[in-house]
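The structure appears right after this line, and notes come after that.
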Amino acid sequence: RPIAGILWMTLAMLLSAAAGACVRQLAGEVPTLELVFFRNVVGLLLLVPWLMRQGLGVMRTSRLPLYCLRVFFAYTAMVMLFYAWGEMPIADVFALQFTIPLFTIMLAVFILKQQTDRQAWAACLIGFAGALIVMRPGVIELTLAAVAAIASAMMSAGSNTTIKLLTRTESVGTITVYSNLLMLPLALIPTFFVWVTPGMEQIPWIVGAALFSAVGGICFTLA
């Protein structure tokens, strides 16, 4: 159902932009690792009603290693993306994120053995050219935030590929629950070392960033 996939993807990107705006509003006042932890807590809370309705039987899987690989890619991508959102203009971050399709198509061809036409490659190369225009290597100093945005795109491509492999046997709900569940300890441990107690004026932005990002992740998996 390609039309449904397009609509879910559009909604995912809209929610991602809203999450980026919330992170940007915090202006580095809350550490990136802490924001990623909150995002995973909210993601799990959103899935509790679905899990209670479906029962624990939906958690049966024989693909735990692939889930772990997916969580590694997704966590690294999320940390890099949240850092980039906080350090550079959101428009520039999303412009650099246009490299995700290029990396994803490369993995789809070599890992998933999918066929890709010339139009798709042309669109990806144009997106990559646009990313070079934003970064302007050799013209302006290459910032750590820009590198983080590109690294996030590469890790997102790896996450996309593992999601596609998982959807061959697993439901969207199971993939999302396992991803948040396995990512929670990975996000919690480093948060202990950077914890900053947020003020009342920061909590709405933190909740907004976590909520928009979590729901956007579900939409992306559906796409």
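The residue of the stretch 110-129 that is surrounded by the most Cβ atoms within 10 Å (Cβ to Cβ), among those that are under 21 Å from the mean Cα position of the chain (by Cα) and part of a helix (DSSP H, G or I), is Cys124. If only residues of the stretch 49-78 that are among the β-branched types (Val, Ile, Thr) and at pLDDT below 85 are counted, the one that is farthest from Ala151 (Cα to Cα) is Val58. For the stretch 152-187, a residue qualifies if it is open to solvent by less than 20 Å² (accessible area, probe 1.4 Å), under 25 Å from Phe98 (Cα atoms) and hydroxyl-bearing (Ser, Thr, Tyr), and the qualifying residues are Ser152, Ser159, Thr161, Thr162, Thr176, Ser179.
The values are calculated or read from the model by the stated rules, or taken from the named source; none is laboratory data. Keep in mind that this is a model prediction, so the values were computed, not measured. For neighbour counting, all protein chains shown are included, and Cβ atoms are generated from backbone atoms with ideal geometry for every residue, glycine included. The area values use the complete protein model at the heavy-atom level, side chains included, leaving out ligands, DNA and RNA. Shrake-Rupley method; radii C 1.70, N 1.55, O 1.52, S 1.80 Å.
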